[in-house]
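Read through the structure below, which is laid out as structure tokens, and then see the notes.
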Amino acid sequence: MKPFNLYTILLLALVWSGCSVSKDVATPMGIAPQMFRNIIYRDSSSVGDLSLKTFITDPTVQGLIDTALVKNVDMQLALKNIDAADVLFKQSKLGYLPDLKLQVAANSTRPSDNSLNGLSLSQFTGQKHIEDYNANLGLSWEADIWGKIRNQKAGALASYLQTQEARKAIQTRLVASVAQGYYNLLMMDAQLEIAQKNLKLNDSTLRIINLQFSAGQVTSLAVQQAEAQQLVAAQLVPRLEQNVTLQENALSVLIGTLPQAISRNNRLDKINIPQDLHAGFPSTLLSRRPDIKVAELALTVANAKVGVAKASLYPSLVITASGGINSFKASNWFNVPASLFGLVGGGITQPIFQRGQLKANYELAKIDREKTVIQFRQSVLNAVGEVSDELTKVEKLKSQYTLAEKRAQTLQQATKNASLLFKSGMASYLEVITAQGNLLQSELELAAIKTEQLNAVVGLYRSLGGGWQ
């Protein structure tokens, strides 16, 4: 190939390399509403902006979370995915560089004596075989005319960033799960304490009724009902002890350790529920929630794949060059410069007919991109829905707790009065048993509602994108 022609091809390649054959689809805007449902006030601050250590101040929970971030299996897999994506991204950055190969070869050919090659070889060299020794460097470079390599690099970068955001998403879920698991454990501790206290109260009542039965003041039916009530409280104790152990095991596995006892340095009734939990504006979710960022980056990957598929339909320009030393005698192999050779070439390849495969790949890539846009919209809707759900839980559970607390206080006083009246003969044993049963259920429910409050607060923090900072 003449140098002038080769330079012309290279110049055209540089001009065409600025061309783009595919127009990217932008990230959909205006999906998030102006405000979350049932939010009256407008405030740009959000609890999701708080750092993990600021939001969760309990040292025990912080320690469990720190352990989980290191030992949890999902977190370890996420870090490995990041490493793999980093390797692929670094490799994609070398796409503009040419391929360079070193080849060293030696071969010997013995043609037939009755063939044209054999007769010619015997006539000109007087030998029956010919040897060939070759050592060369071969270079091949494809011009990025239609942005195929550029799109591959952009897709690899977006995939790498996806793994980073995926790790953040896993961390937010992990932080919430650990905190909620710990609060559930405190709830079971409180319920176990309530059941044990109620069991002692039932024992006291049963002793009094037995004395009255011995004195002929009550029938055996009173004793039987008191024993049944006492057995209800007694049965609740081993059930709650079982639940405590199972919750400890589940929390241990979650933080990546063998099942073991979980130390608790706090009590459920000593934990304060955070107040004035602002959610901010829904539009901030697009930049804070890792799962939405993953969906957004997926659109970047889809755009890149469409660009690569589209570029495959157009001509590709490949420049090749090779050079080295060549000789048909080993003794002359390194006879420089006589054994030196060189070759430069360039070619344009235009796909014509491949049974529609390239066209089908392009159409499929566009369909996948459309699906990615739909998935992005769905991820935003899900995020807004989750925040609205948690805001509703936080607000309504506050009212439920207030009512349940008043009910428990009323039943505590009623149980005391029933016991005093029963001892003085002014109340029946049925009134005492009923009051004690109602008190047990109300106190258990009160502990459960407070735990739901704590879990809702943590859920709101996670749904607002908090936990990875």
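Every number in this text was worked out from the coordinates using simple rules, so none of it is lab data. Small disclaimer: the values here were computed from a predicted structure and weren't measured. Every residue, glycine as well, gets a Cβ built from its backbone with ideal geometry; the counts of neighbours run over all protein chains shown.
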| remark: Too long for a 20 Å Cα-Cα cut-off, among K200/K416; K53/K398; K393/K450; K310/K359; K53/K393; K197/K393, are K53/K398; K53/K393; K197/K393
| message | Regarding the range 309-429, what's the average projected area of the Cα-atom convex hull, expressed in nm²? | response | 23.7 nm²
| task | Work out Dmax and Rg for the range 231-320 from the C-alpha atoms and quote the Rg first, both in angstrom. | result | 27.2, 89
| request: On a C-alpha basis, how far is the centre of the range 225-247 from the centre of the range 109-132 in Å? Whole number, if you could? | output: 100 Å
| field | Helical segments meeting 15 Å axial Cα length and Kyte-Doolittle 0.0 threshold in the chain (DSSP H) | value | 3-16, 59-71, 73-92, 220-254, 290-311, 429-463
| request: Run the dipole for the range 275-357 about the Cα centre, Lys and Arg Cβ at +1, Asp and Glu Cβ at -1, nothing else charged, and hand back the magnitude in debye, nearest 20. | output: 260 debye
| Per 10 Å bin from zero, what fraction in whole % of the C-alpha pairs of the chain is there, up to the bin with the longest pair? | 4, 13, 16, 15, 13, 11, 9, 7, 5, 4, 3, 2, 1, 0
| Over the range 62-118, with a single point scatterer placed on each C-alpha, what log10 of the ratio I(q)/I(0) does the Debye formula yield at q = 0.25 1/Å? | -0.99
| Rounded to the nearest 20 Debye, what is the dipole magnitude of the chain about its Cα centre when Lys and Arg each give +1 and Asp and Glu each give -1 at the C-beta? | 860 debye
| Kirkwood Rh over Cα pairs of the range 103-218 into Stokes-Einstein at 20 °C, 1.002 mPa s: D in µm²/s? | 85 µm²/s
| note | Each label sits 7 Å from Cα toward the beta-carbon; between A26 and V237 the label points are separated, in nm, by 6.9 nm
| field | Cα pair distances in the range 408-469, grouped into 5 Å bins until the bin that holds the longest one, percent each | value | 4, 18, 16, 12, 10, 8, 8, 7, 6, 5, 3, 2, 1
